[in-house]
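The values are calculated or read from the model by the stated rules, or taken from the named source; none is laboratory data. Bear in mind that the values here come from a model prediction, so they are computed numbers and not experimental data. Backbone-built Cβ (ideal geometry, glycine too); neighbour counts: all protein chains shown.
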Amino acid sequence: MNDMRPTPSFVGWRALVVHQPHPNVDALLTQFERIGVAASHYWPEITDLPELDRFNVVLIDADMGYDDQFPWKPGGAPIPVIALIGSEAPGRVSWAMRQGADAQMLKPIGSAGLYSALVAASHGFERRQAMTSEIAALRARLESRELLAEATAILMVRDNISAKAAFQKLRLTAMAERMTLETMAARLVETISDMREAL
Amino acid sequence: MGSSIPIGLLFSRSGLYWALGQQGFYGALAAIETVNASGEYPFELVPHDADPEGNTDRYAGLCRDMIKRTGLRHVVGCTTSWSRKEVIPVVEKADALLWYPCVYEGFEASENVVYIAASPNQHLLPLLDYVVPRFGRNAFLTGSNYIWGWEMNRIAREVLHHSGGRVLGERNVPIGDVEIHHIVAEIKAKKPDFILNNLIGPSSHAFLKAYHELGLADPAFAAGVRPVLSCNLYEGEAALLGPSIAGHYTVSCYFQSLSGEANRAFLQQVAGKQGTHPVTAFFVEAYASVMLIANAIRQAGTDDIAEVLAAAKTHPFSTPFGESIVDARTNHVLMPAHIGRARADGDFDVVFEAGGAIEPDPFLTRSRLGIPGAEAMSPAKAPHLRVVQ
């Protein structure tokens, strides 16, 4: 079987349940214990909670939650988010989505559902993080398009070579200098403009 | 089927919203007396009541105890949505039915709840249908920080958007907050065509009084010019507010002042009973819940919930808000939406009496969210469309 996935394990994780004291919270804490996750609960605002960065996952209350509860902007949680949904009123569901909930659990919380929510949330969060950094890298490359064109043109004129040869030269120099193509191009453009200014 | 059938009554007759809970409690009790005195039912209903005192955390435990202790299958009760959400897991687990008799914000349909309760297509939408063509489509939205206010304002925003109207402002305050002068000041500055009031309890009262003061000082904010709309403000609260509520609008499945022989006969029947000064929608919905339970048990020949529910979904029944039936898909009842305009004495003039009941649509999947003709309405002309009743 080549699509084998490792068994997800959350042992050693720390979870934060942001919900007022309630039997639903008790049920969650029991489930966390079975899974091997140390969980604590807190309400309402966690903006001043010490050691917040030690938590691996946060569970938020879609019924009573509000934006100012968290020290991050809506959608900007640095860890996976699981929304606890009681009322399915669209306003509350979309609030949970705006918070960037990677998974959800419906109240009332019973004896199951947390494990699959943790798996879904950690996968979703990883995918979201990977996409965010890939998009950032692609955006950076897109922005350096003009720079590459300029550097290629400089080499074409200076060395009287074709566009293909100029680009090849830029690439080889970058490899030799152990830097990215974009950095090499930036350096070349900078050198030339410095020379122009000196003249 | 035994000759006596236990019925649970779970209303907060003390605590923050005791007045609403008490109306529900007495409405249910009045119906139990009616059933037992009529001689038309082959059983006697026996009430078992518990008072959660407005404390959401007490509902589930009290309901569970009640069911365990008496073996009852039918509970009438709950006012707030949070308390209903607490009771649902209990009735689902215990194979019982909750008969919920209170207007709410929709987006729920539990198989173990019968909603003798209007959801937004049976209150907010018809109210906006009535008011927008008469006063205009630019609104100011207010609410208490609670699911009712959040969701009602969201739906109103959507309706106005589809009608070419604008939301000039929205302010939500914590439950119980009476510091609401900033809302009135903002309304004065923004001059909306109407204000949607989803504040509850003391906040709502403080707002209506402050807005009344503004109207006295500046006639541009009189109720007849820029009215306040509410979906859950009935006779009892209106009487407390006196002249400050006069001229503002409410929508309800029932008003004490409804015309017609049926309402006159009903009022005569319950006259002298507790909780009837005045008779409100909360009273009537709880009354109808018990009548529905009794009729369905008689029809089914058992108080087994599956059979009672099946009977309630197939046999129309008569209520103080008219002929109705439980919708088979959603477990909500068909209800009319009458529009009332408050008088200074706390009663309502029914300015629009609905001819028939509206089918429930708790998830708003079949309802039209725009007001017909509102798109074509020019803002400058809107006030001239007002109809004087």
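Miscellaneous remarks
- Scanning region B:336-345 for residues that are of a type in the set (A, V, I, L, M) and more than 16 Å from B:G224 (Cβ to Cβ) turns up just one, B:A337.
- Members of region A:71-94 that are free of Cβ contacts under 8 Å to residues at least 60 places away in the same chain, more than 20 Å from B:S119 (Cβ to Cβ) and either part of a helix (DSSP H, G or I) or not β-branched (V, I, T) (or both): A:P71, A:W72, A:K73, A:P74, A:G75, A:G76, A:A77, A:P78, A:P80, A:A83
- Some residue of region A:145-153 being buried (at least 19 other Cβ atoms within 10 Å of the Cβ), of a type in the set (D, E, K, R) and away from chain B (no Cβ under 14 Å): no
- Unmet requirement for B:S3, which otherwise passes all of (1) surrounded by fewer than 20 Cβ atoms within 10 Å (Cβ to Cβ); (2) away from chain A (no Cβ under 14 Å); (3) at pLDDT 95 or above; (4) more than 22 Å from the chain's Cα centre (by Cα): (3)
- Checklist (1) within 14 Å of another protein chain (Cβ to nearest Cβ); (2) assigned to a loop (DSSP other than H, G, I, E, B) applied to A:D68, failing item: (2)
- Within region B:54-82, being touching a residue at least 60 places away in the same chain (Cβ under 8 Å), crowded, with 20+ Cβ neighbours inside 10 Å and either of a type in the set (D, E) or within 12 Å of chain A (Cβ to nearest Cβ) (or both) holds for B:T80, B:S81.
Rundown of residues vs (1) outside the structural domain of B:L9 (by TED's automatic domain parsing); (2) over 23 Å from the mean Cα position of the chain (by Cα); (3) within 30 Å of B:A222 (Cα to Cα), yes/no style:
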{"residue": "B:A294", "(1), (2), (3)": "no, no, no"}
{"residue": "B:R298", "(1), (2), (3)": "no, yes, no"}
{"residue": "B:T302", "(1), (2), (3)": "no, yes, no"}
{"residue": "B:A306", "(1), (2), (3)": "no, yes, no"}
{"residue": "B:A311", "(1), (2), (3)": "no, yes, no"}
{"residue": "B:P320", "(1), (2), (3)": "no, no, no"}
{"residue": "B:L334", "(1), (2), (3)": "yes, no, no"}
{"residue": "B:D347", "(1), (2), (3)": "yes, no, yes"}
{"residue": "B:F352", "(1), (2), (3)": "yes, no, yes"}
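- Exclusive hit being under 25 Å from A:I82 (Cα atoms), charged (D, E, K, R) and out of contact with any Pro (no Cβ under 8 Å at 6 or more places or on another chain), set A:R158, A:R127, A:R139, A:R196: A:R127
- Enumeration of residues in region B:107-120 that are more than 10 Å from B:T330 (Cβ to Cβ), within 14 Å of chain A (Cβ to nearest Cβ) and surrounded by 24 or more Cβ atoms within 10 Å (Cβ to Cβ): B:P120
- Pick from region B:147-166, criterion within 14 Å of chain A (Cβ to nearest Cβ) and closer than 21 Å to B:H248 by Cβ, ranking: surrounded by the fewest Cβ atoms within 10 Å (Cβ to Cβ): B:R157
- Residue within region B:92-99 that is crowded, with 22+ Cβ neighbours inside 10 Å, at pLDDT 95 or above, away from every other protein chain (no Cβ under 14 Å) and touching a Cys at 6+ places or on another chain (Cβ under 6 Å) present: no
- B:D129 passes every criterion in (1) buried (at least 22 other Cβ atoms within 10 Å of the Cβ); (2) away from chain A (no Cβ under 14 Å); (3) closer than 23 Å to B:T365 by Cβ; (4) out of contact with any Cys (no Cβ under 7 Å at 6 or more places or on another chain) apart from (1).
- Within region B:293-330, being assigned to a loop (DSSP other than H, G, I, E, B) and among the aromatic types (F, W, Y) holds for one residue alone: B:F321.
- Pick from region B:19-53, criterion closer than 23 Å to B:Y234 by Cα and either within 14 Å of chain A (Cβ to nearest Cβ) or among the aliphatic types (A, V, I, L, M) (or both), ranking: surrounded by the fewest Cβ atoms within 10 Å (Cβ to Cβ): B:A19
- Condition met for A:I109 (within 14 Å of chain B (Cβ to nearest Cβ) and of a type in the set (V, I, T)): yes
- Of all residues in region B:170-222, those satisfying the criterion of being of a type in the set (A, V, I, L, M, F, W, C) and touching a residue at least 40 places away in the same chain (Cβ under 8 Å) are B:I183, B:I187, B:F194, B:I195, B:L196, B:L199, B:I200, B:F207, B:L208.
- Close Cβ contacts (under 9 Å, 6 or more residues apart or on different chains) running from residues in region B:258-278 that are closer than 13 Å to B:S318 by Cβ to residues that are among the aromatic types (F, W, Y) comprise B:N263/B:Y254; B:N263/B:F255; B:F266/B:Y287.
- Hey, B:S110 among the polar types (S, T, N, Q) and under 28 Å from A:Y66 (Cα atoms) or not: yes
- Every listed requirement among (1) within 14 Å of chain B (Cβ to nearest Cβ); (2) more than 12 Å from A:L84 (Cα to Cα) is met by A:D61 save one, (2).
- Selection status of B:K85, charged (D, E, K, R) and either within 14 Å of another protein chain (Cβ to nearest Cβ) or not in a helix (DSSP H, G or I) (or both): yes
- Residues that are more than 13 Å from chain B (Cβ to nearest Cβ) and surrounded by fewer than 20 Cβ atoms within 10 Å (Cβ to Cβ), drawn from region A:80-97: A:M97
- Top-ranked residue of region A:38-58 - restricted to ones that are farther than 27 Å from B:V87 by Cα, at pLDDT below 95 and in a loop (DSSP other than H, G, I, E, B), ranked as nearest to the other protein chains (Cβ to nearest Cβ): A:E45
- Residue satisfying all of: in region B:92-136; in a loop (DSSP other than H, G, I, E, B) and among the hydroxyl-bearing types (S, T, Y); farthest from the chain's Cα centre (by Cα) among these: B:S110
- Qualifying residue in region A:97-104 (condition: outside any strand (DSSP E or B) and among the small types (G, A, S)): yes
- Residues satisfying the stated conditions in region B:167-197, i.e. of a type in the set (D, E, K, R) and either crowded, with 22+ Cβ neighbours inside 10 Å or at pLDDT 95 or above (or both): B:E170, B:R171, B:E186, B:K188, B:K190, B:K191, B:D193
- Residues of region A:123-161 classified as touching a helix residue (DSSP H, G or I) at 6+ places or on another chain (Cβ under 9 Å), outside any loop (DSSP other than H, G, I, E, B) and in contact (Cβ under 8 Å) with a residue 40 or more places away in the chain, total: 3
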